[in-house]
Each structure stands twice: as C-alpha cells, then as structure tokens.
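Scroll down for the structure; my scribbles are underneath it.
The values are calculated or read from the model by the stated rules, or taken from the named source; none is laboratory data. Small disclaimer: the values here were computed from a predicted structure and weren't measured. Reconstructed Cβ throughout: ideal geometry from the backbone, glycine too, with neighbour counts over all protein chains shown. Keep in mind that these areas ignore ligands, DNA and RNA; they rest on the heavy atoms of the full protein, side chains included. Shrake-Rupley method; radii C 1.70, N 1.55, O 1.52, S 1.80 Å.
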Amino acid sequence: MAQSSVAARSASASAGDQTSARKKKRVSFAAGSAPPDHPSAASSPAFSALFQRPLPLYFSAALLRVGLLLYGLWQDANSPLKYTDIDYLVFTDAARFVSRGQSPYDRETYRYTPVLAWLLLPTAHVGASPLWDAVWFSSGKVLFAAADLVAGWLLERVLTSSGSGLPGLDPVAARKFAAIWLLNPMVATISTRGSSEGLLGVLVMALLSAVMARRVTLAGLLLGFSVHFKIYPFIYAPAIVWWMDAERMGSGGADKKGSPAPGQNKSKSSLISRVTTFATPARIRLAAVSLSTFVCLNAAMYICYGPPFLTHTFLHHVTRIDHRHNFSPYNTQLYLASAFPDLSALRIESVAFLPQLVLSCFLIPIVLAKKDLPAAMLAQTFAFVTFNKVCTSQYFLWYMVLLPLYLPRSSFLKDGKLGIFALSMWVASQGLWLHQGYGLEFLGLSTFLPGLWLASLGFFLVNCWILGIIIADVLL
C-alpha cells in the first residue's frame, strides 16, 4: 500500500510538471516567442544574427532604402515610367512656392498642411551643380525613408512594453516582428518614391508609446499634431479615451460612486455618477491638450494662408472624388461623378464616410480598446482604409505599421495555413485590381464593368474577411 501511494504521488507530480510546462509554453508563445517545435524557431545562424542586436537590422533596413533611392534616380533618368510618385512632385512644388514667399496652395492639388511643405524646403534649393540639385531634390525622400526607421524603432519599443496590460516581447522577438515593417519592400518602395506616410508612422507609434507609458500630456500633443498633419488619426481618440479608465491610469478615486444625497433623484444621481466616473483627470487632460494643440496649429496656419488652408487641408476631403489608383468599390461611382457632376442630386462622395466612421470611431473602439489597445487601433485603421471612398497603396502603410503589434497573438501565426492563405488572397485580389487598373489608366481600355468593379469588390470582401479575423482574435 505504501509503495502504491508513493507511485501515485509520483505520477501526480509528473503530470503536474507536464501541465506546468505546457502552461509555460503557452505563455511563452503568447508573449511572442516561438515554441521549440514551431517552424519559425528553426532558422539559419545568419538570419538569427540579424535580430540579436539592433545594428544589423537597422543597417539592413537603411541599406534597402538607399538601394531603392539610387535605383529610383536611375529609373527616373532612363525610363518613361517614373519611379518618383506624383505626390512628391506636388509636395516639392509647394515647397518651391513657399521658398519664394508664396502660399503652398498656389500649387494646384496640394491638399496637405503647410508643415509638410516647410519640411521639404531643402528640395527647392537650386545651385550651380545639377548633381547637387538632384541630391537636394531627393532630400525629402531621404527624410521619409529615415522616418520609416524611426517608426520601426518606436515599434520595437512598444513591442517590448507591457503598458497595455499584455506581456511584452523579449528584444530579439520584438526585432523580428519590427522587421515586418523595417524590411518590408512595399513600405520601403512607397517611402523612397516620395510618399510622406512614414512621417505618419512615426507620429502614430509615438502616440501609442506615450499612451502606454501614461504620459498623457505628451499623448495629447501628439494626437493634436497628428490630426492636424493628416486627418485620419482622429479615429484613435475614442479608443484611447475609452482605454484610459481610472483603474488603468491609477486614479481610482474617480471610480468611487457615492450614494445619492437625501431627497436627490436616484436616476439623476446615477447619471451624474456615471459622468463623473467617466470624466477622469487623464481623459480630461488628454482632451484639453489635444484639442488645444489642434486648434492652435490650425489658427496659426489660417493666419498665414487664410481660407485656402481650410478648403484644401480639411473641407476638400468631404467631397473629394479621386478615382485614379483607387481600390475602393466607390471607384466607378466617383469616376462617373467626376465626368457628370450634375448627374444626381445625391452626392455619394459626401456620405460615403458614414459607415467607416461608425465602424472605426464607435463600434470597434467600444468593443476592443479595453481588451487590447494596439490591436484595436489596427482594427480601426484597417476598417477606415477598407471602407474609405479613396483607397490607394499608400494608405496600406497606415495599418502596416500597427500590424506587428497584433501578430504575436494572432490566428494568422497560430495557424500558418490561415496566415499564408490570407496573405495570398490579399496580394492576389490586389494584383487582379492592378491588372484591370493598368488596362484602364495606361492602355486606355474601358475596363470599368465588369472587370474593375468586380476586382474592387473582391479586394473589399477579402479585406472585410481579414478584418473579421482581427476582431475575433481580440474578442476571444
């Protein structure tokens, strides 16, 4: 009997050790480290060395962008199909107007804050040497490429942080996920072609880092400036405010609910209690600082440039009908609206923003923000871009910079086949649209119906499916 009892205790202890090991293994995987039998755990020494220290990763990312910048100079000089994005020509033209003491809005189609034109003033430099003129002209692209690296560094910092309430990754694992942004050829190509989205990546990651570090004043300043610089980061305000409850921000006193005073209406007391519970000091300060920053910047720009600033920077986006390079299902409708502006009394471009705002500014923040703020911001951005009436390749960078924050706990990594299938569908549906778009915009073929519209619809549905998986991952 004694031997039997000892054997039973030994078996129980062994089972307990195995259970404990399995739990530790799950926790390690949740924190982003691949389990020993995971395919990603086996990699070449050279590949592993890339992530052991920051220098090899960031040097490789910089080298990739330098190579693309040099190739772009060659293609611009030797090919009728230019590497430089048309938007970069708009930016630099506006900077040239500013350098002459004129308004950046004297450049037709400049729809951005004057701050961007100010940042690109070096591109307007003209000297005696054509070679140095080319170098100065490309300095804006260098700025955007450098912003990619800064955004990647901030991304790595957020990945190692546990400020959101979820376990942070170890530095090596964080650099592996940051490489999805830093070594992404699509990200590097868009920035080196002259798109300013890398600057937005820096602002968004700095905002998230400040929020997770509970630096409320800095977060308010960054939020106000981000929305001034490019309108879309305003969607993050509801998620951040909802996440900043008293318990998370360490101001528990605001959560104490007193009983109603004698003779006071109970329902009225309950309403007042809810308002005071919600209006924590952190939320009030964030709202005050961000709104003040936004208003002061806009007032200063209005004083400098007058009504054209408001018209081109903000009001234009309500009625814009950009239909070129537009993956959105609204593409064909916008094309008709631009060709026949008086065709219909209902201007679809003026109301198309309603479904995207309901999703990205209300439903997703309420449901996801308190569970996982970085993943909620990814879902918000993904929904905003997917449902936007104008959807171009540059906009994909808005959510790509947030993607590595979600992937460590995603179904796409837990189920490799699902991840590969989702990526394949995203690329294939985009390629199908590009095939139809090339026929229309470069060959002059009428591919509107059914080709271009069906391709737009297919890409939209693929993105909706991916968005559904992201939301389900956070909820479950």
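For the stretch 56-81, a tally of residues being modelled with pLDDT under 95, open to solvent by 70 Å² or more (accessible area, probe 1.4 Å) and either under 27 Å from the mean Cα position of the chain (by Cα) or of a type in the set (S, T, N, Q) (or both) returns 1.
Rundown of residues vs (1) at pLDDT 95 or above; (2) assigned to a helix (DSSP H, G or I), yes/no style:
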| residue | (1), (2) |
| --- | --- |
| Val367 | yes, yes |
| Met377 | yes, yes |
| Gln380 | yes, yes |
| Lys389 | no, no |
| Leu405 | yes, yes |
| Pro408 | no, yes |
| Gly437 | no, yes |
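Put simply, of Ser292, Ser226, Ser267 the only residue that is at pLDDT below 95 and in a helix (DSSP H, G or I) is Ser267. Being within 15 Å of the chain's Cα centre (by Cα) and open to solvent by 10 Å² or more (accessible area, probe 1.4 Å) is the filter here; which residues of the stretch 178-213 pass it? Ile180, Asn184, Met186, Ile190, Glu197, Leu199, Val202, Leu203, Ala206, Ser209 - these are the residues of the stretch 178-213 that are within 15 Å of the chain's Cα centre (by Cα) and open to solvent by 10 Å² or more (accessible area, probe 1.4 Å). If you check Gly458 against the conditions, is it surrounded by 15 or more Cβ atoms within 10 Å (Cβ to Cβ), closer than 28 Å to Val318 by Cα and either in contact with a Pro (Cβ under 8 Å, 6 or more places away or on another chain) or at pLDDT below 95 (or both)? Answer is no for this residue.
State which residue is nearest to Val227 (Cα to Cα) when the search covers only the stretch 113-128 and only residues that are open to solvent by 40 Å² or more (accessible area, probe 1.4 Å) and of a type outside the set (A, V, I, L, M, F, W, C). Let's see the steps before the verdict.
We begin by selecting, within the stretch 113-128, every residue open to solvent by 40 Å² or more (accessible area, probe 1.4 Å); these are 118-119, 121-122, 125-126, 128.
Remaining after also requiring of a type outside the set (A, V, I, L, M, F, W, C): 122, 125.
Working: Pro122: 25, His125: 29 Å.
Ranking the qualifying residues of the stretch 113-128, first place goes to Pro122.
Rundown of residues vs (1) at pLDDT below 90; (2) closer than 30 Å to Ala375 by Cα, yes/no style:
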site	(1), (2)
Tyr112	no, yes
Leu120	no, no
Ser138	no, no
Leu143	no, yes
Ala147	no, yes
Ala151	no, yes
Arg157	no, yes
Gly163	yes, yes
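Assess whether His323 counts as being assigned to a loop (DSSP other than H, G, I, E, B) and either modelled with pLDDT of 90 or more or open to solvent by 30 Å² or more (accessible area, probe 1.4 Å) (or both). Considered against the rule, which asks whether it is assigned to a loop (DSSP other than H, G, I, E, B) and either modelled with pLDDT of 90 or more or open to solvent by 30 Å² or more (accessible area, probe 1.4 Å) (or both), His323 comes out as yes.
Which of the residues spanning the stretch 136-164 are part of a helix (DSSP H, G or I), of a type in the set (Gly, Ala, Ser) and either under 18 Å from Met400 (Cβ atoms) or open to solvent by 30 Å² or more (accessible area, probe 1.4 Å) (or both)?
Going residue by residue through the stretch 136-164, those that are part of a helix (DSSP H, G or I) are 136-137, 139-160.
If we keep only those that are of a type in the set (Gly, Ala, Ser) as well, we get 139-140, 145-147, 151-152.
Listed by number, the residues that qualify are Ser139, Ala145, Ala146, Ala147, Ala151, Gly152.
Run down Gly194, Gly168 and say which single residue is in contact with a helix residue (DSSP H, G or I) (Cβ under 6 Å, 6 or more places away or on another chain) and at pLDDT below 95. Let's see the steps before the verdict.
Numbers: Gly194 fails: at pLDDT below 95.
From the options Gly194, Gly168, the qualifying one is Gly168.
For the stretch 100-134, a residue qualifies if it is touching a residue at least 60 places away in the same chain (Cβ under 8 Å) and in a loop (DSSP other than H, G, I, E, B), and the qualifying residues are Ser103, Tyr110, Arg111, Tyr112, Thr113.
Using the structure shown, decide if Ala422 is of a type outside the set (Ser, Thr, Tyr), more than 21 Å from the chain's Cα centre (by Cα) and modelled with pLDDT of 95 or more.
Values: of a type outside the set (Ser, Thr, Tyr): yes; more than 21 Å from the chain's Cα centre (by Cα): no; modelled with pLDDT of 95 or more: yes.
Spelling it out, it is not the case that Ala422 is of a type outside the set (Ser, Thr, Tyr), more than 21 Å from the chain's Cα centre (by Cα) and modelled with pLDDT of 95 or more.
Within the stretch 387-397, the set of residues being open to solvent by 10 Å² or more (accessible area, probe 1.4 Å) and in contact with a helix residue (DSSP H, G or I) (Cβ under 8 Å, 6 or more places away or on another chain) comprises Phe387, Asn388, Lys389, Ser393, Gln394, Tyr395. Thr92 falls short of the stated requirement of being open to solvent by less than 40 Å² (accessible area, probe 1.4 Å), in a loop (DSSP other than H, G, I, E, B) and touching a Gly at 6+ places or on another chain (Cβ under 7 Å).
Exactly one residue out of Ala379, Ala369, Ala428, Ala422 is in contact (Cβ under 8 Å) with a residue 40 or more places away in the chain and surrounded by fewer than 23 Cβ atoms within 10 Å (Cβ to Cβ), and it is Ala422. Filtering the stretch 297-307 to residues that are open to solvent by 50 Å² or more (accessible area, probe 1.4 Å) and in contact (Cβ under 8 Å) with a residue 60 or more places away in the chain leaves only Cys304. With respect to (1) more than 21 Å from Phe382 (Cβ to Cβ); (2) polar (S, T, N, Q); (3) assigned to a loop (DSSP other than H, G, I, E, B), the lone exception for Ser195 is condition (1).
Here's the yes/no breakdown for (1) closer than 29 Å to Leu310 by Cβ; (2) touching a His at 6+ places or on another chain (Cβ under 7 Å):
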residue: Phe97; (1), (2): yes, no
residue: Gln102; (1), (2): yes, no
residue: Tyr105; (1), (2): yes, yes
residue: Tyr110; (1), (2): yes, yes
residue: Leu120; (1), (2): yes, no
residue: Ala124; (1), (2): yes, no
residue: Gly127; (1), (2): no, no
residue: Leu131; (1), (2): no, no
